Amino acid sequence: MRLIYTIWCIFWLLLIFLLLFPLVYICLQREQWKPYAHWLNRLWGKLFFAVAGIKIEIEQRYSLDPKQVYVFCANHFSYLDIAVMGVVLDNYFAFVGKHDVKNIPLFGYMFRKLHIQVNRESSQSRVGSLSKAIKTLAQGRSIVIYPEGGIRTKKPPQMHAFMDGAFKMAIQQQVPIVPVTLLNNYKILPDEGKLRLYRNPLRAVVHEPLSTLGLTQADTTTLKEKCFQIINETLREYHKS
């Protein structure tokens with residue numbers, strides 16, 4: 001039954017994407033139309049989770065301004081995390097994600113046009129992606145980043161240490177950092193073993209923003225550790241319950 005459910009989910013994930021892609025493609029041809037492409041991607045996620053029968057439970061611990069620019073930082077235990085953020089967040093944002101996705105037919109094209117790619121093995125690519133992210137923030141668009149630098153641990157809720165990039169860009173542009181705790185995506189789509197989807201409620205917590213006003217690059221480590229602690233404590237509370 002688990003295999004049948006997984007095939008069912010993959011079928012609908014691809015079908016919904018293919019049905020929406022012509023509209024997404026059109027919206028990607030002009031910069032001013034890209035917010036509509038973003039909205040269509042969010043619709044894709046919402047329709048998929050509805051068809052898959054996965055209930056979405058989001059705890060908003062702060063009422064975010066959908067027009068405000070933020071740097072969203074989330075833990076990363078599952079490839080499902082990427083699809084989830086479009087359902088969790090109302091803001092118009094760009095991902096900073098692995099360059100490998102450019103090789104995926106159609107999806108790679110969309111990701112390349114709409115988001116920021118980084119090859120974490122290349123220092124030049126990391127510097128370039130940071131520069132693009134800062135420019136994106138300056139243009140009034142939020143950033144979503146997984147500061148662990150990828151799926152780095154097989155033992156949730158234990159996170160890998162955060163990298164500095166997200167916090168440096170937020171301080172430079174003086175925009176708030178918003179910690180986001182993705183509580184159980186790894187239970188729906190584990191990052192190990194055979195590809196299998198499990199029907200569990202999707203649970204996430206959006207925390208109160210951390211202000212960067214008046215901070216300098218010397219405050220990067222303190223800000224990073226504070227964000228890590230907020231997400232880490234929430235994960236541990238969830239796993240104790």
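None of the figures in this text is laboratory data; all of them are computed from the coordinates on show. For clarity, every value in this text was computed on a predicted model and none was experimentally measured. Cβ placement follows ideal geometry from the backbone for every residue including glycine, while neighbour counts extend to all protein chains displayed.
Before moving on, here are some points about what is shown:
- Overall, the anisotropy analysis places region 1-76 in the oblate class: the square-rooted eigenvalues a ≥ b ≥ c of its C-alpha gyration tensor yield a/c not less than 1.5, with a/b not exceeding b/c.
- Spacing of the two label points (7 Å from each Cα toward its C-beta) at LEU18 and ALA218, in nm: 5.8
- Cross-link partners of LYS240 among lysines (Cα-Cα below 25 Å; sequence separation of 8 or more within a chain): LYS55, LYS154, LYS155, LYS187, LYS224, LYS226
- Residue-wise HN-Hα coupling along region 195-209, computed from phi with Karplus coefficients 6.51, -1.76, 1.60 (Hz; x: Gly, Pro): 5, 9, 9, 10, 7, 10, x, 8, 10, 8, 10, 9, 8, 5, x
- Prolate/oblate/rounded call for the chain, Cα gyration tensor, a/c under 1.5 rounded: oblate
- Residues CYS227, CYS73, CYS9, ranked from the fewest to the most other C-beta atoms within 10 Å, line up as CYS9, CYS227, CYS73.
- Taking the Cα centre of region 1-121 as reference, the dipole from Cβ charges on Lys and Arg (+1) and Asp and Glu (-1) amounts to some 220 debye.
- Beta bridges per DSSP with both ends in region 88-241, % antiparallel, nearest 5: 40
- Mean Kyte hydropathy of -1.0 or more with a Cα span along the axis of at least 15 Å, helices from DSSP in the chain: 2-27, 34-51, 123-138, 220-240
- Remark: spin-label model distance ILE56-ARG30 equals 2.8 nm, labels positioned 7 Å along the Cα→Cβ axis.
- The simple spin-label model puts a point 7 Å past each Cα toward its Cβ; for SER122 and LYS46 those points are separated by 3.7 nm.
- Segment SER63-ILE4, length gained on full extension (0.36 nm per residue, minus Cα span): 17.3 nm
- Cβ crowding within 10 Å, taken as a proxy for footprinting-reagent exposure, orders ASP81, ASP164 from fewest neighbours to most as ASP164, ASP81.
- In terms of its alpha-carbon gyration tensor, region 49-148 comes out oblate; a/c meets the 1.5 threshold, while b/c is at least as large as a/b.
- Amide H contacts under 5 Å for ILE56, placed H, 5+ residues apart: LEU202
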